[in-house]
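Please treat every number below as a calculation from the coordinates, not as lab data. Keep in mind that what you see is a predicted model, and the values were worked out from it rather than measured. Methodologically, a virtual Cβ is constructed for each residue, glycine included, from the backbone with ideal geometry; neighbour enumeration extends over all protein chains shown.
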Amino acid sequence: MRYIVVIGIFLTSLYGEIDTKWASNKNCEACHRAISKYWETSRHANSHFSKNILYKKSIEHMAMKNPQYLVDELKVKCAKCHNPRISKNIMSDSEKILLSMEDEGVQEEFAKVLNSEQMKHGINCIVCHNIEEIHLDKTKGSQGLEGVTFGTLGVMFGPFKDAHSPHHKSQYKEYFLDESPTLCFTCHYSHTNEHGLEVYSTGKEYESVASKQGCKVCHMSPKKEGVASEFAMLGEKPKIRMVRDHRFASVNNSTILQDYLEINVTKQDNNLLIVLHNKAPHSIPTGYGLREVVFGVEFYNGSQKLDQKIERLTTLWHDEKGKPTLPFLATKKEKDTRIAPQGTQHYTYAIPNGAKRVEYRLSYRFIGEEMAKMIGLSDPFFTKEYKVKTESIEF
């Protein structure tokens, strides 16, 4: 037991705990209320496993299916992007052994690391705006905290050369101002699992097309007049600037899918022709490999439904036994029905005899129903079908 205790004290820290002044966005709200309001609706604000049950269940399922992994080990690995300010980003072999042996000292230490204040607040102000340098090596895919150098605490980096705050130092960084996706790509470029299978490639998809409008226009907002900070010197008003919403748009807080997936429906003889056009510079859907867009068509005669067709734009992943699995455990991408960056997909359906009307619907799921059941996910935020667009057309 003495041997275990001795090994258990060798816990190293790369960045250390962040002072509570900077650990959450709460102290930022006084001056940055509008920014904070949008951020709170984002998936960035909910990137910690305690606030993202899909993330939590995926990790637990991976550990169950692959006994060489421990749940806490995966939480540490994934935190490089999910929670880049983790105070300890490496789990040694000896620590892994001690965790598997349920050593209380090591369990408590990692519980403290993984549930710290700075972790629970996800991708918050101190993550992005304390990055002093970006040195992403794209040959290695998304690197998260390994692709950046954080600055001194108390220094916040941003897009304005004349920014001033009584609460922190401010410095200008070009990558906040231009349209470059460099900062986003530290976590959203690509990732290859242990079987050599690329499980997401949002950055590579972006680089495969000519349009270079960047991530900010779509996932934040176009620049508009507003205030970055409500702080003003006595007798003055907050400075009006060109700012963006910090919403990091998803289907739950924006119309982004409706805006970037164009639907064209025409009738030709006895056929219904449908064209889906992806206006985005990445696949739809992209990112986490279990997302799906559902496109459904129903034919009616009055209130009687004559026929229906359903298309699922998603990716199917299989393990070495040919069974469906999570992308991070997969050995094969079995099927990919997503729409390519700025690409189109065509569908032709025969119109049933007697059909007088067609209804189509476009919706989105964070994870397909069967995969949700497989990992034991029941949280309605992730399992429900988000309705994006519906339309009825008379013949």
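What the table shows:
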item: Angle between the chain longest axis and helix 71-82 axis [Cα atoms, degrees, rounded to 10]; result: 80 degrees
item: At R0 = 22 Å, FRET efficiency that the Cβ-Cβ distance of N252 and R33 yields, to 0.05; result: 0.55
item: Nearest-ten-degree value, helix 104-114 long axis tilted from longest Cα axis of the chain; result: 60 degrees
item: Loop sites in region 87-195: chymotrypsin sites (Phe, Trp or Tyr not before Pro), DSSP, at most 11 other Cβ within 10 Å; result: none
item: Computed lengthening from Q308 to E174, 0.36 nm per intervening residue step minus Cα-Cα distance; result: 43.1 nm
item: At 0.890 mPa s and 25 °C, Stokes diffusion of region 256-394 via Kirkwood alpha-carbon radius, µm² per second; result: 150 µm²/s
item: At R0 = 56 Å, FRET efficiency that the Cβ-Cβ distance of T266 and Q107 yields, to 0.05; result: 0.35
item: Label-point gap, in nm, between A210 and E320 - each point 7 angstrom along Cα→Cβ; result: 4.6 nm
item: Bins of 5 Å, starting at 0 and running to the largest distance - Cα pair percent for region 221-268; result: 4, 16, 16, 14, 13, 10, 9, 7, 5, 3, 2, 1, 1, 0
item: Over the chain, equivalent-ellipsoid semi-axes from the Cα gyration tensor in Å; result: 40, 30, 18
item: Potential extension, V217-D379 segment - 0.36 nm per residue separation minus Cα distance; result: 55.3 nm
item: Region 2-217: antiparallel DSSP beta bridges as a percent of all, rounded to 5; result: 55 percent
item: Environment charge of K138, counting only residues whose C-beta is closer than 15 Å and scoring Lys/Arg +1, Asp/Glu -1; result: -3
item: Alpha-carbon centroid distance for the pair region 63-118 / region 287-331, whole angstrom; result: 34 Å
item: Ratio of Rg to Rh over region 2-217 (Cα coordinates, Kirkwood Rh, two decimals); result: 0.98
item: 3J(HN,Hα) from dihedral phi, region 139-147, Karplus parametrisation 6.51/-1.76/1.60, rounded to Hz, x for glycine, proline; result: 5, 9, x, 5, 10, x, 4, 6, x
item: Rg/Rh ratio calculated on Cα atoms of region 154-296 (Kirkwood radius); result: 1.09
item: C-alpha long axis of helix 53-65 to longest principal axis of the chain, angle in °; result: 80 degrees
item: Selection of chymotrypsin sites (Phe, Trp or Tyr not before Pro), region 196-233, meeting DSSP coil and at most 14 other Cβ within 10 Å; result: none
